[in-house]
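Engineer: Before anything else, here's the structure in question.
The values are calculated or read from the model by the stated rules, or taken from the named source; none is laboratory data. Owing to the predicted nature of the structure, the values given are computational and were not obtained by experimental measurement. Here the Cβ positions follow ideal geometry from the backbone for every residue, glycine too, while neighbour counts run over all protein chains shown. When the accessible area is computed, the model is the full protein with side chains, heavy atoms only, and any ligands, DNA or RNA have been set aside. Shrake-Rupley method; radii C 1.70, N 1.55, O 1.52, S 1.80 Å.
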Amino acid sequence: MKALVFLLLLGIAAAVTPAICAPVFSDAASATAGDSFSNPATEARARNLQRQLRCLVCQGESIDESGSPFAADVRHLVRQQIAQGQSDRQIEDFLVARYGDFILMKPPVQPNTWLLWLAPFLVLGAGGAVAWTTVKKAASRGI
C-alpha cells in the first residue's frame, strides 16, 4: 500500500514538474510583450544576462529559458535594473547578494567553490588510480 501511494505521488510530481519548469517562451521572445526593450542592443544585453542566471526553481535552466514564476520575476527585475541604467556587474552583484552564488550559471572560483571545480578531476584521478591498481594486480597474478 505504501509503495502504491509512493508511486502515485511520484507520478504526480513527474507530471507537475514539466509544467512548472517547461519553457513557456520561445527563443525569439523570452520576455513577455510588456517586458521587452524596443532597442535591439538593449534587448540582446538583457537576453545575454538572463542566460547567465540560473532559475532556482528549475536549477538546470537559465531564467531566460525557464517558465517558472520565479524566473519571470527575476527576468522582470533584471529588465527593470537595465532600464534604470545599472551595469551587468551591478545587477549580478545585487542578485548574488540576494540569492547567493548559486544563481550564477557559472559560479566563481573561490575557496568555498574549489571542491565544485576540482571534483571532476578528483573523480577522474581516483578512477585512474583504481584502474591502475587493478591492472597491476592482474599483471602480478599473470592474468
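Engineer: Take Asp64 and tell me if it is acidic (Asp, Glu) and either in contact with a Ser or Thr (Cβ under 6 Å, 6 or more places away or on another chain) or modelled with pLDDT under 90 (or both). First the steps, then the outcome.
Structural biologist: Details: acidic (Asp, Glu): yes; either in contact with a Ser or Thr (Cβ under 6 Å, 6 or more places away or on another chain) or modelled with pLDDT under 90 (or both): yes.
For Asp64, the condition - acidic (Asp, Glu) and either in contact with a Ser or Thr (Cβ under 6 Å, 6 or more places away or on another chain) or modelled with pLDDT under 90 (or both) - is met.
Engineer: Continuing with this model, one more query. If a residue must be hydrophobic (A, V, I, L, M, F, W, C) and open to solvent by 80 Å² or more (accessible area, probe 1.4 Å), how many such residues does the stretch 83-93 contain? If you could, list the steps in order and put the result at the bottom.
Structural biologist: Restricting attention to the stretch 83-93, the residues satisfying the condition of being hydrophobic (A, V, I, L, M, F, W, C) are 83, 91.
Those left that are additionally open to solvent by 80 Å² or more (accessible area, probe 1.4 Å): none.
Number of matching residues: 0.
Engineer: In addition: Of the conditions (1) out of contact with any helix residue (DSSP H, G or I) (no Cβ under 6 Å at 6 or more places or on another chain); (2) in contact (Cβ under 8 Å) with a residue 40 or more places away in the chain; (3) not aromatic (Phe, Trp, Tyr), Val130 clears all except one; give me its number.
Structural biologist: (2)
The rows are residues; the columns are (1) in a loop (DSSP other than H, G, I, E, B); (2) under 26 Å from Gly60 (Cβ atoms); (3) modelled with pLDDT of 85 or more.
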site	(1), (2), (3)
Pro108	yes, yes, no
Trp114	no, yes, no
Ala119	no, yes, yes
Val123	no, yes, yes
Gly127	no, yes, yes
Thr133	no, no, yes
Ser140	no, no, yes
Ile143	yes, no, no
